[in-house]
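Following: one structure in structure tokens, then a few remarks.
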Amino acid sequence: MAYLLFSLSLLLVYVGLAQMLHVQFGLLGIPNFGVVGFWGFGMYFVGVLQVQLSMSFIDAMVLSSVLLAVISYGLGHLILRLERQAILCATIAFSAIVALLIVTEKWATMGVVGLGTIRYPLRVFEAEEILHFVILLAFVIGAQIYLMRLHKSRLGRLMVAIRDNEELAASLGKDTFRVKLRAFTITATIMGILGGLSAALNQFLTPNMIVPSITFAVWISLVLGGKEHALGGMIGVFITFGIFDIFIETYAPVSPEFAVLVPNIKLFLYGALLVAVLLYRPTGLLDRDTEPRDILIGSLGAIAASITAVVTGLSWIAKGFESLAARAKKDDDA
Amino acid sequence: MKLHMQNLTKSYHSGHPVLNVPDGTLGEHGLEGLIGPNGAGKSTMMGLLTRRIAPSTGTVSLEDDTDLHTLNALQSHDVARLGLVKTNQRIQGFESLTIRDSLRLAATSHADETYRGVLTGSEQDDAIEADIDGYLDRFKFEDPDGFAKSGGEKKLLDILRCMIFKPKMLLMDEPTAGLPEDVTNEVMKMVGEKVKSKEMTVVIVEHDLELIWKHCKYVHFLSEGAILFHGTPKDVKKNRVVAEKYMGV
Ligand SMILES: Nc1ncnc2c1ncn2[C@@H]1O[C@H](COP(=O)(O)OP(=O)(O)O)[C@@H](O)[C@H]1O
Ligand SMILES: [Mg+2]
């Protein structure tokens with residue numbers, strides 16, 4: 001139960017990151033490949049302030065967010081006028097710098113030894129995990145409501161126009177750089193806030209949590225779910241993280257001997273699904289006009305189908321290995 | 001609204017200037033034409049005037065009823081906010097916006113595109129919607145509630161976006177290339193009305209000289225980056241340089 005709650009909380013963090021990336025890349029065309037950097041900055045900064053300086057969670061969160069907002073604003077100023085490839089490289093570099101500093105600045109982060117223990121912010125009711133989950137849930141729902149409204153708003157229309165043709169938007173009196181800079185600063189800071197909320201979730205922080213695969217997971221989810229749809233990131237995370245990580249790891253009927261294989265099979269299925277989507281539906285599962293009703297029907301169908309497929313597939317594979325093992329044993333005996 | 005150019009030059013890597021205007025003024029006569037052979041620098045001049053292209057040397061300034069604004073320090077969007085926009089020779093558009101949304105974008109003030117507006121909900125602006133209906137009644141699209149389909153529709157939409165923006169001065173770079181004749185006529189009629197009612201001054205780059213002679217009060221002739229002659233259509237038609245360099249006589 002505790003593990004499931006942890007997984008679901010982590011899932012919400014991923015949904016939040018995908019929502020922010022949707023604004024950056026899906027709406028504005030800013031390819032932020034340093035997602036883990038912003039998230040990791042928030043997580044470590046909040047962690048360090050709480051553990052080393054005994055700051056309260058709220059103070060740590062506010063301080064971290066203000067600092068990250070300033071950093072994102074500065075970074076945005078430097079890179080948002082550049083070509084997309086340059087933005088991509090610069091954001092990767094940013095996340096690499098964050099990861100490096102976490103290892104080298106041992107006086108604050110404890111380096112590879114790890115930093116802990118970070119306690120949950122709300123400790124009122126003996127149900128801190130559940131409360132923390134509820135906070136994350138509220139956060140993600142709030143963000144989702146805002147996103148849906150953004151899509152129907154004038155600001156959303158402007159963002160899409162900037163993504164499509166920035167020069168043309170500027171020639172119609174739109175300060176495109178300012179719009180991008182603001183949106184980037186806000187969403188990057190929120191990625192840091194999600195990091196801050198993940199600190200307590202993980203309780204003990206180590207540098208190997210700040211790895212590019214987190215960035216990739218968020219990107220894959222968004223591209224898979226549909227980068228231009230308000231719900232694309234969320235659906236993508238449900239499918240990748242929800243089905244593959246939580247469902248399979250928790251419930252799939254795999255015998256313990258073969259459990260070590262699950263992560264590899266998972267990666268393989270991840271990749272296969274992504275390739276299939278990119279081949280047959282390049283906009284992602286949801287394109288920009290997909291209606292909510294279709295999403296509901298489609299996702300229920302898809303979830304049922306994939307769970308069935310994955311479970312059947314895994315049990316087949318498991319059976320195959322078992323019979324292999326049995327045969328090998330027989331051979332040994334003989 | 002008038003545009004002044006002083007020692008305005010633009011050179012690319014080769015060094016030889018593609019445009020070189022020691023002194024020039026556009027927009028004194030309501031509806032003006034800018035003609036010249038391909039590669040003369042007409043589009044370059046329009047890009048320099050709207051700050052889409054940065055000049056190598058010189059200044060551009062914009063004179064309205066009250067002020068003289070030097071445009072050099074400004075960015076593209078600042079120039080548009082002063083009331084100067086241009087239509088594009090090459091097809092430009094927002095591929096994910098419908099015709100109506102594209103027009104709404106152009107008609108909406110940047111001050112209304114806020115984060116707070118996302119929360120408070122942005123009711124439709126009736127004046128803007130009425131304007132859009134007016135344009136879509138006058139100009140027929142195959143699917144007026146959907147997307148611009150053909151190149152011609154995209155080109156027309158580009159012009160309508162500029163119109164609904166309500167500029168004080170409009171530069172049109174080969175607006176009719178790719179438009180059917182009846183649409184061209186309707187566009188020119190509309191432009192004529194707006195100029196007559198003093199809503200805007202317009203400068204048109206065109207290869208269709210009949211159109212220029214018919215509509216323009218004043219014509220500038222550009223060749224190899226320099227304004228070689230300017231005058232009324234009658235004078236320009238009679239001019240020997242223009243005839244030799246352009247009309248192949
Ligand atoms: N980006 C550029 N780099 C180099 N040369 C250019 C560029 N843009 C335009 N030119 C050159 O400038 C000259 C003028 O081009 P342009 O202004 O498009 O002419 P026009 O619109 O009168 O046909 C042409 O010789 C063209 O090759
Ligand atoms: Mg041209």
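The values are calculated or read from the model by the stated rules, or taken from the named source; none is laboratory data. Small disclaimer: the values here were computed from a predicted structure and weren't measured. No Cβ is skipped: glycine too gets one built from the backbone with ideal geometry, and neighbour counts run over all protein chains shown. We work out accessible area using only protein heavy atoms, side chains counted, and drop any ligands, DNA or RNA first. Shrake-Rupley method; radii C 1.70, N 1.55, O 1.52, S 1.80 Å.
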- request: Among the residues of the range B:94-126, write down those that are assigned to a loop (DSSP other than H, G, I, E, B), open to solvent by less than 30 Å² (accessible area, probe 1.4 Å) and closer than 12 Å to A:ARG149 by Cα.
  value: B:GLY121
- request: Scan the range B:34-74 residue by residue and report those that are assigned to a strand (DSSP E or B) and crowded, with 22+ Cβ neighbours inside 10 Å.
  value: B:LEU34, B:ILE35, B:VAL60, B:LEU62
message: Considering only the range A:118-125, I want to know if a residue exists there that is open to solvent by 30 Å² or more (accessible area, probe 1.4 Å) and either within 21 Å of A:GLY29 (Cβ to Cβ) or within 14 Å of chain B (Cβ to nearest Cβ) (or both).
response: no
Filtered residues of the range B:75-84 (kept if of a type in the set (Gly, Ala, Ser) and not in a loop (DSSP other than H, G, I, E, B)): B:SER76, B:ALA80
- request: Filter the range B:19-43 for residues that are within 11 Å of ligand 1 (Cβ to nearest atom) and touching a Gly at 6+ places or on another chain (Cβ under 8 Å) and give the result.
  value: B:LEU19, B:ALA40, B:GLY41, B:LYS42
query: Could you give every pair whose Cβ atoms fall below 6 Å, whose first residue belongs to the range B:30-45 and is within 14 Å of chain A (Cβ to nearest Cβ), and whose second residue is within 9 Å of ligand 1 (Cβ to nearest atom), counting only separations of at least 6 or pairs across chains?
result: B:SER43/B:GLN89; B:SER43/B:ASP173
- line: Restricting attention to the range A:1-38, the residues that are farther than 24 Å from A:ARG163 by Cα and not aromatic (Phe, Trp, Tyr) number exactly 11
When residues of the range B:209-229 are limited to those that are open to solvent by 70 Å² or more (accessible area, probe 1.4 Å) and without any contact (Cβ under 8 Å) to a residue 40 or more places away in the chain, the one farthest from the chain's Cα centre (by Cα): B:LEU228
Hits in the range B:9-33 (condition: open to solvent by less than 50 Å² (accessible area, probe 1.4 Å) and assigned to a loop (DSSP other than H, G, I, E, B)): B:GLY15, B:GLY27, B:GLY30
message: So B:GLY58 ticks every box in (1) in contact with a Phe, Trp or Tyr (Cβ under 7 Å, 6 or more places away or on another chain); (2) away from ligand 1 (no atom under 15 Å from the Cβ) but one. Which box is left unticked?
response: (1)
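Residue-by-condition table, conditions (1) crowded, with 20+ Cβ neighbours inside 10 Å; (2) within 21 Å of A:GLN19 (Cα to Cα):
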| site | (1), (2) |
| --- | --- |
| A:PHE133 | no, yes |
| A:GLY156 | yes, yes |
| A:ALA188 | yes, yes |
| A:PRO207 | yes, no |
| A:THR215 | yes, yes |
- request: Assess whether A:ARG149 counts as being within 8 Å of another protein chain (Cβ to nearest Cβ), part of a helix (DSSP H, G or I) and open to solvent by 60 Å² or more (accessible area, probe 1.4 Å).
  value: yes
message: Would you confirm whether or not the range B:54-73 contains a residue that is of a type in the set (Val, Ile, Thr) and within 16 Å of ligand 2 (Cβ to nearest atom)?
response: no
query: Just checking, which of A:LYS180, A:LYS227 is within 13 Å of chain B (Cβ to nearest Cβ), open to solvent by less than 40 Å² (accessible area, probe 1.4 Å) and touching a Gly at 6+ places or on another chain (Cβ under 9 Å)?
result: A:LYS180
message: So if I check each of B:VAL191, B:VAL236, which one is at pLDDT below 90 and hydrophobic (A, V, I, L, M, F, W, C)?
response: B:VAL236
- request: Might you check whether a residue that is at the interface with chain B (Cβ under 9 Å from one of its Cβ atoms), modelled with pLDDT under 95 and within 30 Å of A:TYR280 (Cα to Cα) occurs anywhere in the range A:216-223?
  value: no
- request: Can you work out which of the residues in the range B:27-38 that are within 16 Å of ligand 2 (Cβ to nearest atom) and touching a strand residue (DSSP E or B) at 6+ places or on another chain (Cβ under 8 Å) is farthest from B:TRP213 (Cα to Cα)?
  value: B:PRO37
query: Looking at B:LYS155, is it of a type in the set (Lys, Arg), crowded, with 22+ Cβ neighbours inside 10 Å and either within 13 Å of chain A (Cβ to nearest Cβ) or at negative phi (or both)?
result: yes
query: For the subset of the range B:169-208 comprising residues that are within 14 Å of chain A (Cβ to nearest Cβ) and within 16 Å of ligand 1 (Cβ to nearest atom), which member is surrounded by the most Cβ atoms within 10 Å (Cβ to Cβ)?
result: B:LEU171
message: Here's a check for you: in the range B:75-93, which residue that is among the hydrophobic types (A, V, I, L, M, F, W, C) and surrounded by 17 or more Cβ atoms within 10 Å (Cβ to Cβ) is nearest to B:MET169 (Cα to Cα)?
response: B:LEU84
- request: Considering only residues that are open to solvent by 30 Å² or more (accessible area, probe 1.4 Å) and closer than 22 Å to B:GLY27 by Cβ, look in the range B:230-249 and name the one that is nearest to ligand 1 (Cβ to nearest atom).
  value: B:HIS230
- line: Over the range B:59-77, the set of residues out of contact with any His (no Cβ under 9 Å at 6 or more places or on another chain) and within 14 Å of another protein chain (Cβ to nearest Cβ) is B:LEU71, B:LEU74, B:GLN75, B:SER76
